[in-house]
Amino acid sequence: MNDLTETGFGYTDGDVDTNTSTAVSLNELAERRLSRRQTLRGGSAIVAATLGGSVLAACDSTEQNDSDNNTPPTVNAGAAISTSAGRLVTLNGDATDDKGVEALSWTQTAGPTVSLTNPTSKNPTFIAPAVSAATTFTFQLAAADAQGRSATGIATVTVNPATLGFTAVPKSLADVVSIPEGYTLQVINRLGDPIAANVPAYKNDGTDTNFAQRIGDHHDALQWFGLNSSGTRDPNSSTRGLMVQNHENITQKYLHANGATTGANRLESEAIKEIEAHGVSITELTEGANRAWTMVQASSFNRRITPNTPMALYGPARGSDLLKTAYSPDGTSGRGTINNCANGITAWGTLLTCEENWAGYFRRTGDVTRSAKETASFARYGISATANGSYGWATVVASDPTDTRFRRWDIRATGSSATTDFRNEANQYGWVVEIDPYNPNSTPRKRTALGRFGHEGAWPGKFAAGRKPAWYMGDDSGIEHLYKFVSATAWAEADANATDRLAMGDKYLDRGTLYVARFNADGTGIWLPLVYGQNGIDSSNAAYPFADQADVLVNTRLAASVVGATPMDRPEWTAVNPVTGEVYLTLTNNSGRTAAAVDAANPRSYSDPKITGGASNGNANGHIIRLREDGDTTEATAFKWDIYLFGAGSDLDPANINVSGLTADQDFSSPDGMAFARSTSVAGQVKPLLWFQTDDGAYTDVTNCMMLAALPGSVGDGGARTITSGTRTQATRVGAAPTAATLKRFLVGPKDCEITGLDTTPDGRTLFVGIQHPGDGGTVAAPSGHWPYSQATGTADASVRPRSATVVITKNDGGVIGL
């Protein structure tokens with residue numbers, strides 16, 4: 001329009017003549033053909049706002065030369081995308097222009113904020129965040145040409161709640177680790193791998209020595225601790241960190257050239273290898289090009305903690321007469337940690353390693369008659385008067401007569417007092433041990449306030465400011481219990497960043513109340529305090545007269561029986577849902593559970609036949625129980641419970657054995673290792689993913705041990721159920737039946753192995769899994785399996801010895817593992 005108005009003044013569309021200004025006009029801006037530096041220096045907002053809102057509004061002038069005639073780019077932001085939480089999303093944009101596209105930029109315009117990778121490319125990516133319902137995200141693609149004209153397009157992405165995003169792995173008896181299609185597996189930290197400079201490579205022929213500077217055997221629980229580029233603690237680092245892993249036991253024959261030498265006395269050179277192959281390893285790991293993971297052999301963080309490593313005893317039992325030995329006359333120190341199975345963590349960056357089946361290592365045969373209290377304690381912890389001690393270390397005649405590293409495994413009363421022999425050495429084991437992985441010079445501390453038993457794990461409940469934190473612990477035996485330790489100190493969030501991390505352990509782990517669980521038949525439960533002077537735990541108790549609180553903690557199992565705790569079917573790992581705070585406990589199996597002894601929390605007794613003959617009896621396949629604290633607080637003294645899943649073959653009786661209705665893609669036996677996804681990962685938010693692993697003997701005629709992924713609901717999402725064992729019926733509480741979307745087999749291990757130990761990096765994109773004692777059948781000359789050497793093809797040289805190791809699993813598209 002260029003008409004005259006009634007006033008006689010000219011009128012245009014307003015760019016120049018109306019609202020005059022000294023600013024550059026829009027037509028002039030277009031004519032200048034602004035460079036990329038001029039128009040894009042402010043980033044994507046300038047492209048979207050300035051070019052899209054200004055340049056496009058600048059109408060061509062009749063005075064423009066033909067060479068200035070230009071149309072904006074044609075932008076295509078791609079078709080609408082539908083995905084689910086945890087998946088990698090790739091935006092598919094494009095832009096064309098007759099003069100050439102000078103710049104592209106994506107900007108999120110709706111939905112919860114996500115982080116775009118390569119936002120100036122045609123195909124940026126992001127990880128779909130956790131959502132509780134279908135959620136729409138929009139992204140604007142802006143393109144500018146060489147003359148400054150731009151255009152935009154909108155991409156729409158709908159993110160649905162998380163589902164298990166892989167095809168279930170079938171059962172297998174192959175000598176490989178099987179994982180879903182679309183994933184890649186690497187093997188690291190094999191038995192014997194050197195973890196210090198100048199330590200030679202492992203020959204794996206039985207001649208290797210110096211396991212104090214090598215990866216130990218029987219890989220078990222593991223945990224990732226992040227490091228930043230400067231080598232200090234960074235809980236959010238997913239590319240550099242420390243791997244802390246337990247080494248529970250050994251496959252003795254493979255450590256020596258021709259197996260262990262026989263004789264009345266073990267050889268010192270062989271025994272020291274076996275001892276040092278137990279314990280804990282700390283190694284630095286880094287992610288390199290193409291997501292390849294490497295252990296840094298010469299890292300200053302690398303460390304082995306073995307049964308010979310000096311330890312400090314902390315908490316109420318510190319200094320007790322029950323802990324005094326010839327090595328520690330004052331009962332405040334000790335040596336080593338052994339049979340480390342599951343683990344736990346703290347909010348201040350330390351690891352809790354747990355001593356499980358430690359009792360079998362000690363020799364008592366030929367002992368003098370001990371007191372009634374000592375005899376009762378030995379019996380409750382499984383140390384018989386005829387015990388020779390696993391591996392016979394107590395029989396070693398040390399080359400140095402002052403070396404007591406072998407004699408301490410002999411707990412006979414041979415001296416004039418407890419400080420002249422090692423009669424109390426067994427009392428120094430069975431504890432939770434706190435380790436600072438970031439300080440290789442620190443002395444680990446045994447936290448006696450958490451009790452002494454066959455510790456399987458010590459997983460914390462949800463930390464909340466002003467609330468006393470708690471740790472949940474299983475005692476791995478067929479008649480043992482579930483425990484909870486509640487700190488006496490309320491949590492202060494600033495302590496999460498403390499630099500003296502073991503001092504935080506002193507603050508929160510040395511004072512508090514140890515409880516044991518009673519599961520009632522109606523789906524409720526109570527926590528019973530194990531406190532001297534309460535509930536019959538005192539010096540007048542006929543079964544075991546307790547002397548003080550230290551005595552209660554050294555003999556926790558005896559105290560639990562006094563108060564009437566529920567005997568469970570091998571309580572093993574605990575895991576805590578990071579959203580709801582619900583506590584899960586694996587009950588691996590119990591061959592001693594008879595039909596007459598079933599109860600609501602342990603309701604099955606049956607026979608599971610094997611293809612090869614024979615059968616597993618009792619609670620042959622185990623189950624997973626869960627509880628929710630009243631008021632959702634770690635300080636609660638009561639809870640509600642149900643049984644989340646029953647282990648069983650899919651072909652077994654659906655009414656009384658396969659109670660959860662497991663399919664061939666879901667069936668399992670003997671659940672053991674377990675962990676929820678980290679809360680820092682999409683998989684640990686909204687409805688967290690649960691991993692659990694098996695340590696089985698009942699179903700191994702059908703499949704090797706395995707790991708499954710689940711998306712569980714909540715306590716009470718199922719209902720009442722009655723199960724028949726023989727002629728006995730038992731009412732119980734069961735969780736909602738799983739579906740194909742909420743439970744799948746993710747991994748199957750190699751021959752003879754146990755799958756145990758798992759963690760992810762904080763972003764959930766890398767998964768670490770422990771493979772324990774593969775191929776441990778057969779002989780030195782002809783092992784029953786050869787993993788990891790068999791991983792590539794399924795076979796290996798018939799004489800090559802297998803090795804425990806850790807596998808690293810990544811998703812090929814870079815997404816979150818399992819989703």
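When the accessible area of segment 691-819 is computed with all protein chains present and a 1.4 Å probe, what percentage of it is carbon and sulfur? Don't skip to the answer; put the middle values down first.
Values: 1900 of 3730 Å².
Here it works out to 51 percent.
When the helix-only estimate is applied to the chain (DSSP H runs of n ≥ 4, each -39,500 (n - 2.57), divided by the residue count), what is the mean residue ellipticity at 222 nm, nearest 500 deg cm²/dmol?
-1500 deg cm²/dmol
Roughly speaking, to the nearest percent, how much of segment 373-449's 1.4 Å accessible area is carbon and sulfur?
That fraction is 48 percent.
Over all directions, what mean area does the Cα convex hull of segment 502-556 project, stated in square nanometres?
Averaged projected hull area, Cα only: 5.3 nm².
What stretch of the chain, leaving out the sites themselves, is the longest with no trypsin sites (Lys or Arg not before Pro) in a DSSP loop having at most 12 other Cβ atoms within 10 Å? Write down the numbers at each step before the final one.
Numbers: sites that count: 41, 203.
Longest gap between qualifying sites, sites excluded: 204-819.
At a 1.4 Å probe radius, carbon and sulfur cover how many percent of the accessible area of segment 538-627?
Answer for segment 538-627 is 54 percent, counting heavy atoms of protein chains only.
Computed over the Cα atoms of the chain, what is the convex hull's projected area averaged over all directions, in nm²? Before the final figure, lay out each step's value.
Numbers: hull surface 173.2 nm².
Mean projected area for the chain: 43.3 nm², to one decimal.
Skip the ligands, DNA and RNA, and give the accessible area per residue of the chain with a 1.4 Å probe, whole Å².
37
With a 1.4 Å probe and all protein chains kept in place, how much accessible area does residue 653 have, in Å² rounded to the nearest 10?
60
How far, in degrees from 0 to 90, does helix 372-381 lean away from the longest principal axis of the Cα atoms of the chain, to the nearest 10?
So the inclination is approximately 40 degrees.
Express in whole angstrom the spacing between the alpha-carbon centres of segment 761-819 and segment 449-519.
Result: 33 Å between the Cα centres.
Which one, 252, 130, 545, is farthest towards the positive end of the dipole of the chain when Lys and Arg carry +1 and Asp and Glu -1 on their Cβ?
Selected residue: 545.
With a/c under 1.5 counting as rounded, go ahead and sort segment 219-262 into rounded, prolate or oblate using the C-alpha gyration tensor (a ≥ b ≥ c being the square roots of the eigenvalues; past the cut-off, prolate if a/b is larger than b/c, else oblate). Walk me through the numbers before you get to the answer.
On the way: a/c = 5.71, a/b = 3.51, b/c = 1.63.
Cα axes put segment 219-262 in the prolate bin.
Per residue, how much space in cubic angstrom lies within the convex hull of the C-alpha atoms of segment 157-245?
197
The values are calculated or read from the model by the stated rules, or taken from the named source; none is laboratory data. Since the model is a prediction, treat every value here as computed from it, not as a measurement. For neighbour counting, all protein chains shown are included, and Cβ atoms are generated from backbone atoms with ideal geometry for every residue, glycine included. The accessibility values were calculated without ligands, DNA or RNA, using every heavy atom of the protein model including side chains. Shrake-Rupley method; radii C 1.70, N 1.55, O 1.52, S 1.80 Å.
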